[in-house]
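Please read the structure below before turning to the comments.
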């Protein structure tokens with residue numbers, strides 16, 4: 001009985017797709033089909049393959065590293081979901097960035113942090129934390145970008161609060177690599193007064209872990 005094509009596997013219902021996920025994502029020979037699927041008209045295929053590429057970037061980033069430039073190109077995609085996927089994947093590829101490719105695009109990568117789209121900013125904030133953790137020499141540049149979120153322009157003030165919570169979480173990933181932690185501590189202490197409870201809790205946990213209980 002002939003094997004089902006990769007397209008059928010990825011377009012399968014969620015329960016079946018979950019069971020087959022490892023088989024689809026692992027082989028390097030599947031990559032051309034996965035990339036081709038990003039141009040598919042059917043959302044189930046397009047986003048299923050994007051999800052598979054994200055999984056590979058998390059578990060086997062070295063497999064995707066030779067395709068780094070493909071993801072850089074997607075940073076300018078008009079398809080916002082593909083753009084978000086590229087942002088996340090590039091952050092994951094920092095762990096294997098032996099050729100310093102991220103260093104050459106870092107400013108471009110960080111641009112969405114300043115807004116106006118909160119979800120794009122949030123994905124970038126998370127990816128930036130992974131980059132700083134894997135490549136500590138970029139930590140201070142990334143800190144400067146993250147701390148500017150307090151003055152960033154998003155669709156609403158509540159969007160900015162959500163982004164601030166992501167910043168606290170991101171800073172936690174690489175706090176040990178920050179050369180001057182005082183501005184970071186001061187930033188997180190200010191979030192204890194954030195109107196969003198989730199942000200307050202993140203700030204309190206951060207301060208307890210890295211400096212002082214409750215920020216007091």
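Read the figures in this text as sums done on the coordinates, not as results from a lab. Small disclaimer: the values here were computed from a predicted structure and weren't measured. For neighbour counting, all protein chains shown are included, and Cβ atoms are generated from backbone atoms with ideal geometry for every residue, glycine included.
Before moving on, here are some points about what is shown:
- Taking other Cβ atoms within 10 Å as a rough exposure proxy, 65, 109 sort from fewest to most as 65, 109.
- As a calculated quantity, the FRET efficiency between residue 144 and residue 35 at R0 = 45 Å, using C-beta atoms, amounts to about 0.85.
- Per-peptide average of other Cβ atoms within 10 Å, ordering 152-158, 57-63, 166-172 highest first: 166-172, 57-63, 152-158
- One equal scatterer on each Cα of segment 49-114, no solvent, Debye formula: the resulting log10 I(q)/I(0) at q = 0.24, 0.27, 0.29 Å⁻¹ is -1.06, -1.30, -1.44.
- Here the label points at residue 111 and residue 99, each 7 Å from Cα along the C-beta direction, are separated by 2.2 nm in the simple model.
- Burial order of peptide ranges 119-126, 98-105 (average beta-carbon count within 10 Å, highest first): 119-126, 98-105
- Between residue 80 and residue 44, residue separation times 0.36 nm minus the direct Cα-Cα distance comes to 11.4 nm.
- Normalised by residue number, the volume inside the convex hull of the Cα atoms of segment 85-216 is 90 Å³ per residue.
- Residues 35, 174 arranged by fewest to most Cβ contacts within 10 Å: 35, 174
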